[in-house]
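S.K.: Quick one: the structure is below, and I'll ask about it shortly.
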Amino acid sequence: MNRKKLLLLNGSHAEIPMIVEAKKFGWHVTTTGNDRVGIGHPYADENIFGDYSDCEFVYDLAKSLRVDAIISSCNDFAYISTAYACEKLNLRGHDSYENACIIHNKKNFRDVMKILDLPTPKFLVCNLVDELPVACEKIKFPLIVKPTDLTGGKGVSVCKNLSELETAFKTAQKVTRKTSILLEEFIDGSNHAANFFIQDQKVLRAFFDDEQYYRNKYLVSGASSPSSLRQFTMAEVILYVEKIAKYLKLVDGIFHVQFMVTSDGTPILIDPCRRAPGDLYVRLVEHSSGFNCAKEIILSESGLKVEIGNQLTHRFIARECIMANRCGIIDDIFIDSKLENKIICKMIWAKSGDEVENFLTYKAGILFLEFDNFSDMNNTLKNFNNLVRIDFK
């Protein structure tokens, strides 16, 4: 019997849960991407390497393989390429290419938020350094500079004056593929994320977390659930997502969003995506709530029906990345013995002798921890980077 063919657009640690679930369904899984040493690739049936951010490459590859489905992986560029290829190949399970480019572009998404009259930071888009003096008169300091097309804190800076703004603008231009740079009002508040499954533009399942950050204040280093959010704030986020889903006519599937909450409890959506969140977030959802998020993604992005049952569990779970505090040559990963009885799962890919070239983005591995209650979880996470660290030679 011929196995159905599935193309997954990456093979890092983050894609392993999706590869495993796809193979449980009997799919023949092909992974791609430029990173040939991604630790997820060996889990697949075959690897055909290439640039998954190139829409035409993904379309040509999917067409030549005669795949039955494409899974977008944990990357915005991958989702956009997936939507493009699926639209041309008439494969179900993904938004239109136009909507993919709206959801995964900071400026385009904020335009939708304004149209729907939903809370969003004041923002402007600039293309030239010469435009900055006028722009910062409209958006007062401090303000945030962001590439419109990147996630993970890449090229993001907070600026307190024009000199810092010009430097940050040039830095953002170096890492983006776009000519436009987003200038955004600085919002003071707590950081959170939510993972939804939407069906017929309605939220059928909602999962909320609290985010943690280490040295890089724009790169999430950890997330824990249940969150500290108030019920009315979570209800507002669900309302916002349903308005967006209805306006854009989004297809069934996951909708993940990072957001901030102001002192009065108002949520402000920042970065949404329609693909799997990175760093094994799907395992956080599964451990904490009992929902097999990776399975949901495989089914929905393949155009198959997903059955959403009742929540199975409600455990106090944290997913924490092992981060560095400086550059250098790794000697060992230290994990305090106090955490031994809390660790339920771990994946560490760093090894002695590896070099940390950029400590602001480097991750050595991921730990999943379970706690007895919210207080225990919160107190431990405040001290996590003293309990778990990278030691250097």
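The values are calculated or read from the model by the stated rules, or taken from the named source; none is laboratory data. For clarity, every value in this text was computed on a predicted model and none was experimentally measured. In this analysis, Cβ positions are derived from the backbone assuming ideal geometry, glycine residues included, and neighbour counts consider all displayed protein chains.
S.K.: For the stretch 318-357: of the residues being over 20 Å from ASP279 (Cα atoms) and polar (S, T, N, Q), which is surrounded by the fewest Cβ atoms within 10 Å (Cβ to Cβ)?
M.R.: Restricting to residues being over 20 Å from ASP279 (Cα atoms) and polar (S, T, N, Q), the top hit is SER337.
S.K.: When residues of the stretch 358-393 are filtered for being within 18 Å of GLY278 (Cβ to Cβ) and not basic (Lys, Arg), how many remain?
M.R.: Within the stretch 358-393, residues that are within 18 Å of GLY278 (Cβ to Cβ) and not basic (Lys, Arg) number 9.
S.K.: Something else now. For ASN108, state whether it is surrounded by 20 or more Cβ atoms within 10 Å (Cβ to Cβ), polar (S, T, N, Q), at pLDDT below 95 and within 21 Å of the chain's Cα centre (by Cα).
M.R.: Criteria not met by ASN108.
S.K.: Follow-up question, since we're still on this one. Counting just the residues of the stretch 350-382 that are of a type in the set (Val, Ile, Thr) and in a strand (DSSP E or B), which one comes out farthest from the chain's Cα centre (by Cα)?
M.R.: Step by step, filter the stretch 350-382, then rank; the result is VAL356.
S.K.: Check ILE115, ILE102 and return the single one that is aliphatic (A, V, I, L, M) and touching a Phe, Trp or Tyr at 6+ places or on another chain (Cβ under 7 Å).
M.R.: On inspection, the qualifying residue turns out to be ILE102.
S.K.: Also, I was wondering about something else. In the stretch 249-298, how many are farther than 18 Å from GLN201 by Cβ and among the hydrophobic types (A, V, I, L, M, F, W, C)?
M.R.: Total satisfying the criteria: 15.
S.K.: Out of all the residues in the stretch 207-216, which are surrounded by fewer than 18 Cβ atoms within 10 Å (Cβ to Cβ) and either free of Cβ contacts under 8 Å to residues at least 40 places away in the same chain or over 18 Å from the mean Cα position of the chain (by Cα) (or both)?
M.R.: TYR213, ARG215
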